[in-house]
Amino acid sequence: MNDHELEKLAQRLGARAAERLDVEATAQAVIERLRAERAAGARIGLWLPRQWLRIAAALVIVVGGGAVALRIMHTPSPTVASAPADLDGLSTDQLRQVLDGVEQSDAHVVVSVQDVSLDDLNTVELRALLESLEG
Amino acid sequence: MPPAEPVAAVPSDAALIAAWQGGDEQAAAELVRRHARALARFLGASGSGGRGDADVDDLVQETFIRAFRAIGQFRGQCRFRTWLMTIGGNVLKDAYRKARRTRVVPLAEELRDTEGDPHEHAVAGEMEARLAAGLERLPRMQRDVFLLRAQQGLEYEEIAAALGTTPGAARVHFHHAVKRLKEQLA
């Protein structure tokens, strides 16, 4: 087979597929698909800004609320037992006991082992914890 | 002497592309009408993704869709039709990959064709089938260059611009393709 015959053969190749092709139907199908893609693109374009706004608002609420909740949880609760509201009825010994209790509470930082891990404690807090464990 | 009737101007591909970019759907439809058969011939000759002629319609459609999506990348480096065929080559490559996964077995040509004498079709199509099989075995660059040159009649400069190579390299690819195809058809 020479080059010319090969080229002739190549030109016949695919001719049947080309003849069978319904050009008008193909054109319409392509237009339909392009139209559908454009419509989908437009829908996404409209949908995105509204959704992003909603998502951003939800994030602000979640993060802000979480930060407030964390702050409230980490506020140190008063560790000193409040003195009885009415001290007038107490005897001298009872008043001394109350005063001793107040002094002891001031001297010791009360740390609950369940609330924090050891990594969260500083030197002073660790020392206080050790002392409380030793009794 | 009556005045000559104005000749309806045939819009160029570039004008149709610009019109499509401006939202004119009919311009896109006209581009499809203008180039669909040539593209089908190219894709049909390339083996239509290993699934036979029946899928050429789908491949043509997919090629146009991809072309219109990427129309902004067409800078007139070659003719629109040639550019389409390079996109068609990519569509074919994807189709081959899918065909390998789904293992669709195409019907023999003589069984699918319901028109004419089946025996005549079989004899006439034997060489074409061997050429098609040979083309499928060629590296993609050689196959594309061969078809663009031998089937579509393009110049090496145009082929090189479309395929991102040099005219000299395109010429070498063509000669390698011819040599290998002749060996397989001998």
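Just give me the residues in the stretch A:1-14 being aliphatic (A, V, I, L, M) and either surrounded by fewer than 17 Cβ atoms within 10 Å (Cβ to Cβ) or part of a helix (DSSP H, G or I) (or both), in sequence order.
Passing the criteria: A:Met1, A:Leu6, A:Leu9, A:Ala10.
Residues are listed down the side, and each one gets a yes or a no for (1) at pLDDT below 95; (2) part of a helix (DSSP H, G or I):
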residue	(1), (2)
B:Ala36	no, yes
B:Leu43	yes, yes
B:Val56	yes, yes
B:Leu59	yes, yes
B:Phe64	no, yes
B:Ala67	no, yes
B:Arg75	yes, no
B:Cys78	yes, no
B:Thr86	yes, yes
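Scanning the stretch B:143-168 for residues that are open to solvent by less than 30 Å² (accessible area, probe 1.4 Å), more than 13 Å from chain A (Cβ to nearest Cβ) and free of Cβ contacts under 8 Å to residues at least 60 places away in the same chain yields B:Tyr156, B:Ala160.
Considering each residue of the stretch A:15-44, count those that are outside any helix (DSSP H, G or I) and surrounded by fewer than 17 Cβ atoms within 10 Å (Cβ to Cβ), and give that number.
At the first step, the residues of the stretch A:15-44 found to be outside any helix (DSSP H, G or I) are A:21-22.
If we keep only those that are surrounded by fewer than 17 Cβ atoms within 10 Å (Cβ to Cβ) too, we end up with A:22.
Matching residues across the stretch A:15-44 total 1.
The values are calculated or read from the model by the stated rules, or taken from the named source; none is laboratory data. Computed from a prediction, not measured in an experiment: that's the story for all the values here. Cβ atoms come from the backbone with ideal geometry, glycine included; neighbour counts cover every protein chain shown. Ligands, DNA and RNA are stripped out before the accessible areas are found, and what is left, the full protein with its side chains, is counted by its heavy atoms. Shrake-Rupley method; radii C 1.70, N 1.55, O 1.52, S 1.80 Å.
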